1. Going through the range 234-282 one residue at a time, which ones are buried (at least 18 other Cβ atoms within 10 Å of the Cβ) and aromatic (Phe, Trp, Tyr)?
2. Within the range 34-88, how many residues are in a loop (DSSP other than H, G, I, E, B) and of a type in the set (D, E, K, R)?
3. Identify, from the list PRO293, PRO243, PRO312, the residue that is of a type outside the set (Gly, Ala, Ser), modelled with pLDDT of 95 or more, away from the ligand (no atom under 16 Å from the Cβ) and part of a loop (DSSP other than H, G, I, E, B).
4. Hey, THR38 hits all of (1) surrounded by 21 or more Cβ atoms within 10 Å (Cβ to Cβ); (2) within 21 Å of ASP221 (Cα to Cα) but one; which does it fall short on?
5. Would you point out which residue out of GLN277, GLN272 is assigned to a loop (DSSP other than H, G, I, E, B), touching a Ser or Thr at 6+ places or on another chain (Cβ under 9 Å) and either within 12 Å of the ligand (Cβ to nearest atom) or in contact (Cβ under 8 Å) with a residue 40 or more places away in the chain (or both)?
6. Could you tell me whether THR9 is within 22 Å of THR92 (Cα to Cα) and in contact with an Asp or Glu (Cβ under 6 Å, 6 or more places away or on another chain)?
7. Condition test on THR159, is it in contact with a strand residue (DSSP E or B) (Cβ under 9 Å, 6 or more places away or on another chain) and buried (at least 22 other Cβ atoms within 10 Å of the Cβ)?
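The values are calculated or read from the model by the stated rules, or taken from the named source; none is laboratory data. Remember, it's a predicted structure, so these values are computed and weren't measured experimentally. As a convention, Cβ positions derive from the backbone with ideal geometry for all residues, glycine included, and neighbour counts pool all protein chains shown.
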Amino acid sequence: MKSKRVLITGAAGFLGSHLCDRFIKEGFRVVAMDNLITGSLNNIEHLFKLEAFEFYHHDVSKFVHVPGEIDYILHFASPASPIDYLKIPIQTLKVGSLGTHNLLGLAKAKKARMLIASTSEVYGDPTVHPQTEDYWGNVNPVGPRGVYDEAKRFQEAMTMAYHTFHGLETRIVRIFNTYGPRMRLNDGRVLPTFIGQALRGEDLTAYGDGSQTRSFCYVDDLVEGIYRLLFSDYAYPVNIGNPDEITIAEFAEEIIKLTGAQQKIIFEPLPQDDPKQRRPDISKAIELLDWTPKVNRAEGLKLTYEYFKSLPNKDLKPKDFVSYNK
Ligand code: UDP
């Protein structure tokens, strides 16, 4: 029997590349797609030699054509770091809206099941804590984060419309802060920024007074949750994240301890609309998918630190990211 074929967009990115690995491991044929704006071929280079793996260099905001059958589509293409989507706001809106529409059309034509990568950002700066899936959120549509948040909210609405109107099989995962190997050292998110600073001997920059909270999930746990959700029969959004919440100042302390850095924490202005608190309520994932995160932060941070230490160039800082298409 021929193995099932899965299309993964954003395949050269942090999460996309880990998903490619997982689906290859499970015996799927993987069609990887990426426009390489924020992704890197380094993340999937090891897969090119496999017969079960093929790669398309393509921007899914434009019409998507893939010959042959497709059984599943996982839409993970999008800048995901605030600093990235502030630099490429229009592309961020397009990949979440036009890109999603193109892929839903492809899924319909191929009779494929489609899973979209949504986000805790649909909850904005949440007034409900922890965040449950039935909370509608507190998003500023015209603020700097609006380009990402609203694209993802539209993406959910569009996906749900294809589900109800066309009967398409769809899945929606709301991803909370995730970390692990293959994050870009210069992507601007808090973990690579802190580790990069520690490795370069710079002070760690906590924004605001560092009292805002996040809950960090190790990438392997996230991938397991996504895998289970895809093969569940549940079409409504499901939070996947690690509920272990920490303030950003405490997180900086943990990184200093982990890396043995001698530097101190300095405080810089809080970016506009930066959510004050974030923690997933994962009751649904537990009940529907029998899923809980297994890797604690101490373990996950150690693995991630080893990865960053092994990189040849540790000098990249967020501002170095300039190569993108207009
Ligand atoms: N942050 C920080 N210092 C940095 C980068 C980020 O204090 O150098 C903070 C940021 O303001 C936010 C949190 O860390 O409160 C997480 O930021 P990130 O960009 O990783 O993602 P977010 O969860 O805001 O989407």
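1. Answer for the range 234-282, where residues must be buried (at least 18 other Cβ atoms within 10 Å of the Cβ) and aromatic (Phe, Trp, Tyr): just PHE251.
2. Qualifying residue count for the region: 6.
3. Just one listed residue meets the conditions, PRO293.
4. Here THR38 meets the rest and fails (2).
5. Criteria check complete, one pass: GLN277.
6. no
7. Answer is yes for this residue.
The rows are residues; the columns are (1) under 24 Å from ARG189 (Cα atoms); (2) surrounded by fewer than 19 Cβ atoms within 10 Å (Cβ to Cβ); (3) β-branched (Val, Ile, Thr).
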site: ARG5; (1), (2), (3): no, no, no
site: ASN43; (1), (2), (3): yes, no, no
site: GLU51; (1), (2), (3): no, yes, no
site: LYS62; (1), (2), (3): no, yes, no
site: TYR72; (1), (2), (3): no, no, no
site: PHE76; (1), (2), (3): yes, no, no
site: PRO79; (1), (2), (3): yes, no, no
